[in-house]
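One structure below.
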Amino acid sequence: MRKLTYFIACSIDGFIGDPEGDASAMVSLVDEEFFEFLKTEYPETLPTVGRRPLGLDHLPNKRFDTIIQGRASYDLALKDGITSPYAHLREFVASRTLGESPDPNVEIIADDLVGRVRALKAEDSAYDIYLCGGARLAGALVDEIDEMIIKTYPIVQGSGMPMFEAGFSITDFALESVRTFGNGVLVRMYSRKH
């Protein structure tokens, strides 16, 4: 069975964006060393529009072949006229309000999100599933998340969009690795305790 991996950027105090979900404060801290890490270790997490100028669009996927994102995350691309932001992956958008998909490469999951994710996890594939966010989607899928890769940026936001928007429930994960970068970013990998 393949894993659902929540690959997310957050502040030291656990926010993935400002109150409106804007994460540009974190993106501005990406330096050459950290960007090289992302390109080498997780190239498919970079949107297609960014992969092409970097010469990454011809590379095979390394870890993921599927992405699930929430409506707010998808809307960021739509505002720029991009209907398939991760064209190099199978794209799913969880939304009860979007209706028809604006792109044949993007499937809308309007009902039974957990059931659809379980079906995707049960597929025969050497690749895992990239959970892009946001907070409501991660909260709805917290019981399905097998792994978290958290890129923690050296900023405190004080408030904003949390990593998970869900009711109180304790879910145990085990720390697998920590990598530090010169710009102060930490990348922590956790796996679900079974």
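The values are calculated or read from the model by the stated rules, or taken from the named source; none is laboratory data. None of the values given here were measured: they were computed from a predicted structure. A quick note on method: Cβ atoms are made from the backbone with ideal geometry, for glycine too, and the neighbour counts reach across all protein chains shown.
Take segment 155-191 and flag every residue that is modelled with pLDDT of 95 or more, farther than 22 Å from residue 129 by Cβ and among the hydroxyl-bearing types (Ser, Thr, Tyr).
Scanning segment 155-191 gives a single hit, 180.
For segment 27-41, which positions are surrounded by 15 or more Cβ atoms within 10 Å (Cβ to Cβ) and in contact (Cβ under 8 Å) with a residue 60 or more places away in the chain?
29, 30, 34, 37
Please go through segment 107-137 and pick out each residue that is within 18 Å of residue 9 (Cβ to Cβ) and either modelled with pLDDT under 95 or not in a strand (DSSP E or B) (or both).
Result: 132, 133, 134, 135, 136, 137.
Hey, among the residues in segment 138-164 that are in a loop (DSSP other than H, G, I, E, B) and under 15 Å from the mean Cα position of the chain (by Cα), which one's nearest to residue 29 (Cα to Cα)?
Step one: filter segment 138-164 for residues in a loop (DSSP other than H, G, I, E, B), giving 141, 145-146, 154-160, 163-164.
Pick out the ones that are also under 15 Å from the mean Cα position of the chain (by Cα) and you get 141, 145-146, 163-164.
Numbers: 141: 29, 145: 27, 146: 28, 163: 19, 164: 23 Å.
Out of the qualifying residues, it is 163.
Just checking, how many residues over segment 55-68 are modelled with pLDDT of 95 or more and either part of a helix (DSSP H, G or I) or not β-branched (Val, Ile, Thr) (or both)? Spell out how you get there, then give the answer.
Residues of segment 55-68 that are modelled with pLDDT of 95 or more, as a first pass: 63-68.
In the following step, the residues that additionally are either part of a helix (DSSP H, G or I) or not β-branched (Val, Ile, Thr) (or both) were identified as 63-65.
Looking only at that region, the number is 3.
Can you give me the number of residues within segment 148-194 that are among the acidic types (Asp, Glu) and over 24 Å from residue 110 (Cα atoms)? Talk me through it step by step, then tell me what you get.
Start the filter on segment 148-194 by keeping residues that are among the acidic types (Asp, Glu), which leaves 165, 172, 176.
Now restrict to residues that are over 24 Å from residue 110 (Cα atoms): 172, 176.
Number satisfying all stated conditions: 2.
Which condition number in (1) in contact with a helix residue (DSSP H, G or I) (Cβ under 9 Å, 6 or more places away or on another chain); (2) free of Cβ contacts under 8 Å to residues at least 40 places away in the same chain; (3) within 21 Å of residue 30 (Cβ to Cβ); (4) among the hydroxyl-bearing types (Ser, Thr, Tyr) is the one that residue 169 fails?
Unmet for residue 169, out of (1) in contact with a helix residue (DSSP H, G or I) (Cβ under 9 Å, 6 or more places away or on another chain); (2) free of Cβ contacts under 8 Å to residues at least 40 places away in the same chain; (3) within 21 Å of residue 30 (Cβ to Cβ); (4) among the hydroxyl-bearing types (Ser, Thr, Tyr): (3).
Please state which one of 97, 152 is modelled with pLDDT under 95, β-branched (Val, Ile, Thr) and farther than 16 Å from residue 1 by Cα. So that I can check it myself, show each step before the final result.
On the way: 152 fails: modelled with pLDDT under 95.
Sole residue among the options that is modelled with pLDDT under 95, β-branched (Val, Ile, Thr) and farther than 16 Å from residue 1 by Cα: 97.
Scan segment 49-62 for residues that are touching a residue at least 12 places away in the same chain (Cβ under 8 Å) and either more than 17 Å from residue 130 (Cβ to Cβ) or surrounded by fewer than 19 Cβ atoms within 10 Å (Cβ to Cβ) (or both) and report the count.
To start, the set of residues in segment 49-62 that are touching a residue at least 12 places away in the same chain (Cβ under 8 Å) comprises 49, 51, 54, 56-57, 59, 61-62.
Checking the rest, the ones that are also either more than 17 Å from residue 130 (Cβ to Cβ) or surrounded by fewer than 19 Cβ atoms within 10 Å (Cβ to Cβ) (or both) come to 49, 54, 56-57, 59, 61-62.
Of the residues in that region, 7 qualify.
Examine segment 69-84 for a residue that is in a helix (DSSP H, G or I), among the hydroxyl-bearing types (Ser, Thr, Tyr), out of contact with any strand residue (DSSP E or B) (no Cβ under 9 Å at 6 or more places or on another chain) and more than 17 Å from residue 2 (Cα to Cα), and state whether such a residue exists.
no
How many residues are among the hydroxyl-bearing types (Ser, Thr, Tyr) and surrounded by 18 or more Cβ atoms within 10 Å (Cβ to Cβ) if we restrict to segment 128-173? Explain how you work it out, then say what you get.
As a first pass, look at segment 128-173 and keep what is among the hydroxyl-bearing types (Ser, Thr, Tyr): 130, 152-153, 159, 169, 171.
Checking which are surrounded by 18 or more Cβ atoms within 10 Å (Cβ to Cβ) leaves us with 130, 152-153.
Of the residues in segment 128-173, 3 are among the hydroxyl-bearing types (Ser, Thr, Tyr) and surrounded by 18 or more Cβ atoms within 10 Å (Cβ to Cβ).
Could you give me the residue pairs with C-beta distances under 7 Å whose first residue belongs to segment 1-23 and is under 18 Å from residue 173 (Cα atoms) and touching a residue at least 24 places away in the same chain (Cβ under 8 Å), whose second residue is outside any strand (DSSP E or B) and of a type in the set (Ser, Thr, Tyr) wherever it lies, and which are 6+ apart or on separate chains?
2/125; 2/127; 7/42; 7/45
Residue 92 is checked against (1) under 14 Å from residue 7 (Cα atoms); (2) among the aromatic types (Phe, Trp, Tyr); (3) out of contact with any helix residue (DSSP H, G or I) (no Cβ under 7 Å at 6 or more places or on another chain); (4) without any contact (Cβ under 8 Å) to a residue 40 or more places away in the chain and fails just one. What number does that condition carry?
(1)
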